[in-house]
Amino acid sequence: MTARTGAAVFPALSPCEIYRDCRHVPKGNEVRSLSNIQAALTEKLQNVTAFTIPLFGGIPVAESVVVSWILMALILLLVLLATRHLNPDHPGRLQSLLEMAVDGLNKFTEENIGVHWRHFAPWLGTVAVYIACANLSGLIGLTPPTKDVSVTAALALTSVFLIYGGSLRFLGVRRGLHKFVEPLPLLAPINILEVGIRPLSLCMRLFGNVLGSFIIMELIKAVMPVVAPTFFSLYFDIFDGLIQTIVFVFLTALFTGDALEVD
Amino acid sequence: MSVALGAAIAVFTGIGAGLGIGYATAKASEAMARQPEAAKSIRNALLLGCALAEATAIYGFVIGLALIITK
């Protein structure tokens, strides 16, 4: 498993700089090497602009967007290949696996959202696939798009539109708005605050986790570039990435189910 | 110097999150041992609680990072 070591593919990120700085700085000069690590880290945390569209004075396209396009193309290709010969009478091994996954998603959505689950399951599944692929993309040498706060903010905003839009759509405007004064009219300010807090917390949770594990992995690679990153990336890349996917989808489903609940 | 101190203080939020998640997990495993048939709903509640408790640590981390980067 050559997890994350492929990051060297991107010349803009150049992880070698940290290693070189750590090794060749003369003894008694730790302050300089520390500040070098800080400078290299700060450089890595910048969201790189991949290219600029020469329209309307130049539209910058971030690296996270380009990586998202790559992931979209890969996912689309995989989905098209996997669903080519579907047969309801004689399901193959792959088809059974896919059916199990979709079944699990449907059951999960039904449990958390209730009677209107059918409208929400496709979106939740799509977001789960996207976030999982985005978090795991570090393994194949790409920069995870979820390391960019704009991406997680967009995901969190769509979640909050889903939650309150679903409430207004399925409960009606009157009952949907009445949700804000439940269980007590006294709690209305807190319910209104939640409209802002929920997306903020969803966004920051995903962003902070991915960025945190990214930084820790860079530090580990700086200290010991050979063996250690493999084992640590098992936890920080794979386990943490998948857990955050589940948490994001689970919280969105839970909030939506909460907003759709009828007493 | 003051920036480093501020970032260090911000990261102290991790103490609360660590204690909270540890306490929640201890109670959840106790509950699962007592009622294995309710393990699924306990796990869901634990996941939700851990996610919410962890958010405080993440806020501290993001604030510390913002302090260091934007100084």
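Using amide H atoms built 1.01 Å from N in the peptide plane, name the residues 5+ places from A:V48, or on other chains, whose amide H lies under 5 Å from its own. Amide H to amide H, under 5 Å and 5 or more residues apart or across chains, A:V48 pairs with A:E63.
Ranked by how many other Cβ atoms sit within 10 Å of their own Cβ, fewest first, the residues B:S2, A:S159, A:S150 fall in the order B:S2, A:S150, A:S159. Sorted fewest first by neighbouring Cβ atoms within 10 angstrom, A:R174, B:R43 come out as A:R174, B:R43.
Remark: region A:254-261, residue by residue, has Karplus-estimated 3J(HN,Hα) of 5, 5, 5, x, 5, 6, 9, 5 Hz, where x stands for each Gly or Pro and the curve is 6.51 cos²θ - 1.76 cosθ + 1.60 at θ = phi - 60°.
Each part reduced to its alpha carbon centroid, region B:7-71 and region A:143-168 end up 21 Å apart.
The chymotrypsin sites (Phe, Trp or Tyr not before Pro) of region A:60-162 include none that meets both conditions, a loop assignment by DSSP and at most 14 other Cβ atoms within 10 Å of the site Cβ. Restricting the calculation to Cα atoms, every distinct pair contributes to the Kirkwood radius of the protein assembly as shown, found to be 22.5 Å.
Look at the stretch A:195-204: the mean tally of other chain Cβ atoms within 10 Å of its residues' Cβ atoms is 2. Straight-line cross-link partners of B:K40 among the aspartates and glutamates, defined as a Cα under 16 Å from its Cα and at least 8 positions apart when in the same chain: A:E110, A:E111, B:E30. Which of the aspartates and glutamates could a cross-linker span from A:K179 if the Cα-Cα distance has to be under 20 Å and same-chain partners fewer than 8 positions apart are dropped? Straight-distance partners of A:K179: A:E194, A:D258, A:E261, A:D263. For a test of the definition: using alpha carbon positions, the gyration tensor, and the 1.5 limit on a/c, classify chain B as rounded, prolate or oblate. Prolate. Using the average count of surrounding beta-carbon atoms within 10 Å as a protection proxy, the listed peptides B:5-14, B:59-68, A:90-99 rank, highest first, as B:59-68, B:5-14, A:90-99.
Every read-out reported here was derived from the displayed coordinates using simple, explicitly stated rules and does not represent laboratory data. As the structure is a computational prediction, the values presented were derived from the model and not from experiment. When we count neighbours, we look across all protein chains shown, and the Cβ atoms used for this are built from the backbone with ideal geometry, even at glycine.
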